[in-house]
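Engineer: Got a structure for you, questions after.
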Amino acid sequence: MSAPVELQVAASPVSPPLVLRPWSMKDVAALVEVNRDPALRRWSNSVVDNDADGARWVQAQQQDWAAGNRFCFAVLEAQPGSVREQLVGNLVLKEVASGKPAAEVGYWTAAHARARGVAPRALEALTNWAFDTFAADGLERLELRHQVDNPASCRVAQKSRYDFDTILPAAPPSFPRDGHLHIRRTSA
C-alpha cells in the first residue's frame, strides 16, 4: 500500500476533531518544536533537534510508507476559529507484512495536547484502519509496548481496549527498562 491515507476522528465533548495523515515536509517546523519537550525525548528513539533532522525524519517516514511495511501518521487537531491544524501527536503502524498475524502500534502526544484524550481517540482510528486494511492479509492482532515507568501509555492502551499480556524484559538501548505488552485482537 503506497497511496496516502487520511483518517478523520470526530470531535469529542471536550476536544476538536482530529486528522491523521502521512507526514509531509510542511510538518517539519512543528515536529522540531514538539521535540523540544524533555518528556517526549525521554520516550522517543528519534532525535529531532533542528530542521535538517526533522526533514530526514519525515523523509524516512515517507520511504517506509512507500515500502508498505510502516505507516506513520501525523495527528493534527483543528483549531477553533483557524483554518490551520496544529500538530498534537504521532501514530505508527509497523512491522506489517502479508501473512504475518501481528503488527505493532506506537504513538506519542505533544506536551500541549496531553491528558485531553488525543492518543486514545487517534489510536482507535488507527486500530480500526489497520484491521480494515490488513485483516485480509492475515493481520489478527496489534501489539503495543511501553516501558513500565510510563503509566500514561498504559492508560492509553487500556482506554483503547489493548489488553495487558505480559511483562517484557528490557532491551537496551531502544527499550532500556522492562515493559508491558498490550494486545488488541480483531474481535475486540
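The values are calculated or read from the model by the stated rules, or taken from the named source; none is laboratory data. Owing to the predicted nature of the structure, the values given are computational and were not obtained by experimental measurement. All Cβ positions, glycine included, derive from the backbone under ideal geometry; neighbour counts span all protein chains shown.
Engineer: List pairs: first in the range 127-140 and under 10 Å from Thr186 (Cα atoms), second part of a loop (DSSP other than H, G, I, E, B) and not polar (S, T, N, Q), Cβ under 7 Å, 6+ apart or cross-chain?
Structural biologist: Note: pairs meeting the criteria are Ala130/Leu139; Phe131/Leu139; Leu139/Pro101; Glu140/Pro101.
Engineer: Give, as residue ranges, the helices (runs of 4 or more DSSP H) completely inside the range 1-117 that count at least 2 residues that are more than 27 Å from Asp149 (Cβ to Cβ).
Structural biologist: 28-34, 51-67
Engineer: Also, quick follow-up: For the range 101-132, enumerate the residues that are of a type in the set (S, T, N, Q) and either at pLDDT below 95 or within 22 Å of Ala29 (Cβ to Cβ) (or both).
Structural biologist: Within the range 101-132, Thr109 is the sole residue that qualifies.
Engineer: Turning to a different aspect of this structure: Exactly one condition in (1) surrounded by 16 or more Cβ atoms within 10 Å (Cβ to Cβ); (2) not in a helix (DSSP H, G or I) is not met by Arg121; state its number.
Structural biologist: (2)
Engineer: Another question, if that's okay. What number of residues within the range 131-160 are in contact with a strand residue (DSSP E or B) (Cβ under 6 Å, 6 or more places away or on another chain) and of a type in the set (D, E, K, R)?
Structural biologist: 3
Engineer: Let me ask another. Quick check on Leu40: is it at pLDDT 80 or above, closer than 13 Å to Gly89 by Cβ and of a type outside the set (Asp, Glu)?
Structural biologist: no
Engineer: Based on what the data block shows, is Arg36 under 28 Å from Gly179 (Cα atoms), charged (D, E, K, R) and loosely packed, with under 12 Cβ neighbours inside 10 Å?
Structural biologist: yes
Engineer: Turning to a different aspect of this structure: Here are Gly54, Gly68: which of them is under 20 Å from Leu142 (Cα atoms), of a type outside the set (A, V, I, L, M, F, W, C) and modelled with pLDDT of 85 or more?
Structural biologist: Among Gly54, Gly68, only Gly68 is under 20 Å from Leu142 (Cα atoms), of a type outside the set (A, V, I, L, M, F, W, C) and modelled with pLDDT of 85 or more.
Engineer: Return only the number of the condition from (1) in contact (Cβ under 8 Å) with a residue 12 or more places away in the chain; (2) charged (D, E, K, R); (3) more than 17 Å from Lys26 (Cα to Cα) that Glu77 does not satisfy.
Structural biologist: (3)
Engineer: What are the residues in the range 111-152 that are within 14 Å of Leu20 (Cα to Cα), in contact with a helix residue (DSSP H, G or I) (Cβ under 7 Å, 6 or more places away or on another chain) and among the hydrophobic types (A, V, I, L, M, F, W, C), if any?
Structural biologist: Ala119, Leu123
Engineer: Just to be sure before I move on: is Val92 touching a Lys or Arg at 6+ places or on another chain (Cβ under 9 Å) and either crowded, with 16+ Cβ neighbours inside 10 Å or closer than 16 Å to Ser160 by Cα (or both) in the structure I sent?
Structural biologist: yes
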